[in-house]
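The structure appears below as structure tokens.
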Amino acid sequence: MPEPVHLRPRRPCPICKKPSAQKFHPFCSQRCAQVDLGRWLGGTYAIPAVESDEPEEPQDDGAQDSGAS
Ligand SMILES: [Zn+2]
């Protein structure tokens, strides 16, 4: 029998506990990465507003119109 493939459990973002993104591993977004970086640099949580290229958590605008059948 073949060995089972061990899938790495996805760790949540250490900053906000959201599911981490591969791009910003182990964080969920660049902002959280900046937050962590800020800890090292300044030891402060005061982070300037970072404009992210990616939208956060797309909100469902309820525009799902699948049509009546
Ligand atoms: Zn995060």
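The values are calculated or read from the model by the stated rules, or taken from the named source; none is laboratory data. Nothing here was measured: the structure is a model prediction, and the numbers come from that model. We place every Cβ from the backbone using ideal geometry, glycine too, and count neighbours over all the protein chains shown.
Reported count of residues in the stretch 1-25, each being not in a loop (DSSP other than H, G, I, E, B) and not basic (Lys, Arg), is 4. Residues that are part of a loop (DSSP other than H, G, I, E, B) and of a type in the set (D, E, K, R) were ranked within the stretch 26-67; the one that is modelled with the lowest pLDDT is Glu51. Mind listing whichever residues of the stretch 21-42 are surrounded by 13 or more Cβ atoms within 10 Å (Cβ to Cβ), aliphatic (A, V, I, L, M) and more than 10 Å from the ligand (Cβ to nearest atom)? Of everything in the stretch 21-42, just one residue is surrounded by 13 or more Cβ atoms within 10 Å (Cβ to Cβ), aliphatic (A, V, I, L, M) and more than 10 Å from the ligand (Cβ to nearest atom), namely Leu37.
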